[in-house]
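*Asks:* One structure follows; several queries about it will come next.
The values are calculated or read from the model by the stated rules, or taken from the named source; none is laboratory data. For clarity, every value in this text was computed on a predicted model and none was experimentally measured. Backbone-built Cβ (ideal geometry, glycine too); neighbour counts: all protein chains shown.
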Amino acid sequence: MAEPGPTVAPAEAPSCSSLTTKELQENLRAEKQRERPVRLLFEIPSARIVEHTLSKYVVYDVVVMCSGSFESRRVSVERRYRDFFRFHQRLLDEFREELEELVLPRKHLTRNLSADVISERRLALQAYLAKLNAVRCIRHSPHLARFLTEPEQRQAHGLVRAGQFKLALDQLQVVLEIQEKFLPWQNPTLTVPTLSALATCHRDLDEPEQAFAAAHKALPAVRRYGLNRYRAALLDLLVDLGYQLGRPVAQLQEELTVLRDAERGEASHHSLKELVVQEFV
């Protein structure tokens, strides 16, 4: 009978004493990164003067970022001071008590277009957004996300209605990137109209892979929160594209059949494109 060989001890993780200084520093950074909460950050790095025949005004470039993540590109939108003013008034209608000490930077009666006033207000508006986001009820309300996406979303849906799908895609991608930064504090259905519009544009541009990916990404939130009018339309699109792409669609087809039976046909009245063009009218 053969004798058992020597027992091999399981490999152990290197002790702290065996790690180099560089490895210890990297481990410490990684640990801090895991513990650090994600925060929304706002920057207004620049502003520009827009001139029309009868008017002249300043638009501010608002950059939205998330802390603790590498972003390959900076996503931003432009807003006028009057946009900030109207936004602040809407917030006061709902959160006057919570915003008692948070004041919107005032508009100057003179020299509004001078470089020093523009620079001063740019920094003040940047600080205003940071203070707003520090208020929990504001951070968890839909108002801030809408302020930073709704104008672009309305414009994009207008482009979809006009059949300008390529131009709409550019706007929708900006909207989606900003909305996704808000998702830790917002209802996941926030991105459903945007993803549905993206799927519609890609479909009409004969880009089935991208259309399938966008529709598939929207489906979990639609299922979870019972958005059945979107659910049927998304499933219908996914089944159609799935057959075109050679993807397995049996489960999607079964889900669509069950949904239509439960709704007695009502859920199948509108295609995804019809739903998209009805949004933000």
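*Asks:* Just a yes or no: is a residue in segment 54-62 among the polar types (S, T, N, Q) and part of a loop (DSSP other than H, G, I, E, B)?
*Replies:* yes
*Asks:* Still on this model: Please pick out the residue among Val222, Val239 that is in contact with a Lys or Arg (Cβ under 6 Å, 6 or more places away or on another chain) and of a type outside the set (Phe, Trp, Tyr).
*Replies:* None of the other options fit; the residue is Val222.
*Asks:* Somewhere in segment 231-252, is a residue under 23 Å from the mean Cα position of the chain (by Cα), of a type in the set (S, T, N, Q), farther than 13 Å from Val276 by Cα and modelled with pLDDT of 95 or more?
*Replies:* Within segment 231-252, none of the residues are under 23 Å from the mean Cα position of the chain (by Cα), of a type in the set (S, T, N, Q), farther than 13 Å from Val276 by Cα and modelled with pLDDT of 95 or more.
*Asks:* If I filter segment 253-281 down to residues being outside any helix (DSSP H, G or I) and under 29 Å from Pro151 (Cα atoms), which single residue comes out as modelled with the lowest pLDDT?
*Replies:* In this case the residue turns out to be His269.
*Asks:* Which residue pairs have Cβ atoms closer than 8 Å, lie 6 or more positions apart in sequence or on different chains, and pair a first residue in segment 162-189 that is touching a residue at least 60 places away in the same chain (Cβ under 8 Å) with a second residue that is part of a helix (DSSP H, G or I) and polar (S, T, N, Q)?
*Replies:* Sorted first by the residue in segment 162-189, then by its partner, the pairs are Ile178/Thr149.
*Asks:* State whether one or more residues within segment 110-125 are touching a residue at least 24 places away in the same chain (Cβ under 8 Å), within 18 Å of Glu177 (Cβ to Cβ) and aliphatic (A, V, I, L, M).
*Replies:* Checked segment 110-125: no residue is touching a residue at least 24 places away in the same chain (Cβ under 8 Å), within 18 Å of Glu177 (Cβ to Cβ) and aliphatic (A, V, I, L, M).
*Asks:* Within the group Leu235, Leu195, Leu241, which residue is buried (at least 21 other Cβ atoms within 10 Å of the Cβ), touching an Asp or Glu at 6+ places or on another chain (Cβ under 7 Å) and not charged (D, E, K, R)?
*Replies:* The unique qualifying residue is Leu235.
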